[in-house]
Structure formats: C-alpha cells, structure tokens
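So the structure is just underneath, and the comments pick up after that.
The values are calculated or read from the model by the stated rules, or taken from the named source; none is laboratory data. Note that the coordinates shown come from a computational prediction; the quantities given were computed from them, not determined experimentally. In this analysis, Cβ positions are derived from the backbone assuming ideal geometry, glycine residues included, and neighbour counts consider all displayed protein chains. To get the accessible areas, we keep the full protein, side chains included, count just its heavy atoms, and leave off ligands, DNA and RNA. Shrake-Rupley method; radii C 1.70, N 1.55, O 1.52, S 1.80 Å.
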Amino acid sequence: TTYEHILVTREDRVGVITLNRPKALNALNNALMLEVVAAAQELDADRGIGAILVTGSEKAFAAGADIKEMQAQSYQDVYLSDWFGPWDSLAQVRTPLVAAVSGYALGGGCELAMLCDVLLASETAKFGQPEITLGVIPGIGGSQRLTRAIGKAKAMDLVLTGRTIGAEEADRSGLVSRVLPAEGFLEAAKAVATTIAGMSLPATYAAKEAVNRAFETTLSEGVRFERRTFHATFATDDRTEGMTAFVEKRAPEWRHG
Ligand code: HXC
C-alpha cells in the first residue's frame with residue numbers, strides 16, 4: 001500500500017509508521033488519520049510484526065489536529081461525519097503500539113501518543129492540550145486518557161490553561177514510559193520496539209490486554225481476568241518453550257504460537 005501522509009516500513013518484526021507532513025508539523029488531517037489507522041490495522045494483521053512504532057520528525061511528533069482543515073467545519077459537519085471517530089480503532093489494535101515522541105506532541109498529537117501503549121519521549125518532547133486556546137476541548141480522548149495517566153490535578157492544569165510541559169515534567173507526572181537522550185533517539189526507540197517484538201506474540205497480546213483491562217473494570221474482576229488469561233498462556237507452544245529454555249539455560253526460540 002502506498003500512502004500520501006505517512007511512511008510505513010518494516011524492520012524485521014517492527015512496523016514503523018512515520019507521520020510525514022513536515023510543512024504542517026505533522027498536523028493530523030482526516031486523510032492522515034485514515035492512513036494511520038489503515039496502516040496500523042494492516043501491520044496488526046501480520047503475524048510477522050510484534051510491535052508498531054509510531055513516530056514523527058525531530059521537530060514534531062504532531063502539532064495537533066489540522067486547525068486549517070477544522071476551521072470551516074460546522075457542528076453538523078463534525079457530528080454527522082463523527083470527526084475524529086476513526087482514531088478509536090487504534091485502541092483495538094492488539095500489537096503493542098510504541099510512540100516515539102520528539103518535539104511537539106500537542107492536542108491531537110498528545111492524544112495520539114497517549115493512544116499508544118508505550119510512550120517514549122526524547123528530551124526535546126513537549127506535551128500539551130492547547131485546545132482551550134482555540135475555543136474547543138480535546139476530542140481524541142485527551143480529557144480521559146490524560147486524567148487517567150497523570151491524575152485530575154495535573155490534567156485540569158493542562159486542559160484548562162493549555163500550557164505545554166517538557167519531557168522532565170511529563171516523566172515526573174507519569175505521562176511517559178521513559179525519557180531518552182535526543183541524540184540517537186529514534187534508534188533507541190526502535191531498540192525498545194525491537195525488544196517488545198522479540199517476545200512471544202500470544203504472550204504479548206495477552207499482556208497488553210490484561211494491562212488495558214485495568215482501565216475498564218474493577219480490581220477483583222481485573223485480577224480474575226488476569227488469572228484466567230495467565231492460565232490460558234499454558235495452552236501455547238511458546239509457554240512450553242519459554243520455561244524449557246530457562247531450565248536448559250538457553251535463549252527461547254519463539255514460534256509465536
Ligand atoms: C494546522 C499547523 C498546526 C495545526 C502547525 N501548523 N500546527 N497547521 N494545524 N495544528 C502549521 C503552521 O500553520 C505553519 O504553517 C507550519 O505548520 C509551521 O508552524 P509554525 O507555527 O510556523 O511553527 P513554530 O513557530 O515553530 O510553532 C510551532 C507550534 C505552533 C508552537 C507547534 O505551530 C502551534 O502552536 N501550533 C498549533 C498547536 C495547537 O494548538 N494544537 C492543537 C490543535 S487542536 P504555514 O503554512 O503558516 O507555514 C487539536 C484538537 C483536538 O488537536 C480536538 C479538538 C478539536
């Protein structure tokens with residue numbers, strides 16, 4: 001498949017989606033959104049892919065939804081077309097999504113990063129939800145995912161003032177998984193994705209599903225779900241291989257089944 005606004009490459013078991021509208025600081029227009037969703041779904045369906053890295057440029061992961069595209073839209077337009085609705089499909093992807101954020105991740109850019117499972121920030125990363133400064137509010141899950149990630153006090157601060165925070169504050173607040181040096185950032189982020197992609201695929205799907213369940217249910221139901229899913233891993237060849245390899249003091253050779 002060829003795309004207009006993104007680049008998609010495969011590096012061994014890692015799929016890489018690079019947002020590629022440099023002149024607009026990777027502003028997320030409708031066409032780009034549909035391309036990201038389609039590419040992620042295609043990679044997700046491929047058993048040879050164990051992690052999907054989502055990244056932008058050095059200057060901008062994404063500076064938000066495309067304000068120029070939104071400017072002329074009416075309420076009827078955005079309601080009837082379910083503006084931003086397709087982004088929800090990314091949350092259904094079972095392959096781990098790793099966001100590699102360098103530079104601006106504002107508005108929809110911050111929301112896209114939060115839709116990913118592991119959020120890697122360069123020292124240069126800047127996060128914010130500046131929608132309020134445009135007379136709107138977050139629309140790709142920001143008010144919900146940011147609040148779950150960093151708590152009410154910090155989320156209210158960011159959503160109501162529109163201020164931008166740097167990598168250090170984002171790390172301290174629990175928004176990001178790790179901060180990595182600006183130099184060699186993309187390679188280091190790919191290495192993290194490669195580590196994830198190097199694990200057993202069924203175990204990885206199960207682990208991601210179990211962690212996500214924590215946001216959807218009570219503690220006792222979540223623990224029950226985890227226990228059943230843990231038991232289910234014993235049905236995989238990879239479980240046998242993983243434990244046998246440990247006992248035999250060798251590296252496991254996953255069959256991803
Ligand atoms: C459309 C954008 C854009 C955006 C930048 N550009 N952000 N176009 N939508 N979100 C365009 C600029 O218009 C400009 O185009 C080019 O990219 C370069 O941007 P500059 O502003 O010249 O760069 P710089 O001075 O370095 O400033 C970078 C910046 C600033 C601080 C990130 O661009 C900025 O504040 N952008 C908007 C950030 C924002 O408010 N995001 C939230 C969007 S709302 P030209 O053609 O002039 O060269 C959102 C909504 C979600 O995400 C849901 C609710 C609706």
>> For the stretch 193-247, give me every one of the helices (runs of 4 or more DSSP H) that falls completely inside it and has 3 or more residues that are among the polar types (S, T, N, Q).
In response: 219-233
>> So, restricting to strands (runs of 3 or more DSSP E) that lie completely within the stretch 110-175, which ones have at least 2 residues that are within 13 Å of the ligand (Cβ to nearest atom)?
In response: 126-128
>> List the residue pairs whose Cβ atoms are under 7 Å apart, where the first residue sits in the stretch 204-231 and is at negative phi and exposed (fewer than 14 other Cβ atoms within 10 Å of the Cβ), the second is assigned to a helix (DSSP H, G or I) and among the acidic types (Asp, Glu), and the two are 6 or more positions apart or on different chains.
In response: none
>> Being in contact (Cβ under 8 Å) with a residue 60 or more places away in the chain and open to solvent by 60 Å² or more (accessible area, probe 1.4 Å) is the filter here; which residues of the stretch 7-48 pass it?
In response: Glu11, Asp12, Arg47
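Under 21 Å from Ser122 (Cβ atoms), of a type outside the set (S, T, N, Q), touching a Leu at 6+ places or on another chain (Cβ under 7 Å) and open to solvent by 60 Å² or more (accessible area, probe 1.4 Å): which single residue out of Arg163, Arg172, Arg178 fits that description?
Going through Arg163, Arg172, Arg178 in turn, the sole match is Arg178.
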>> Can you say whether Lys68 is within 22 Å of Ala191 (Cα to Cα), within 11 Å of the ligand (Cβ to nearest atom) and not β-branched (Val, Ile, Thr), as far as the supplied structure shows?
In response: no
> Would the stretch 67-87 turn up any residue that is under 20 Å from Ser143 (Cα atoms) and open to solvent by less than 10 Å² (accessible area, probe 1.4 Å)?
Replying inline: yes
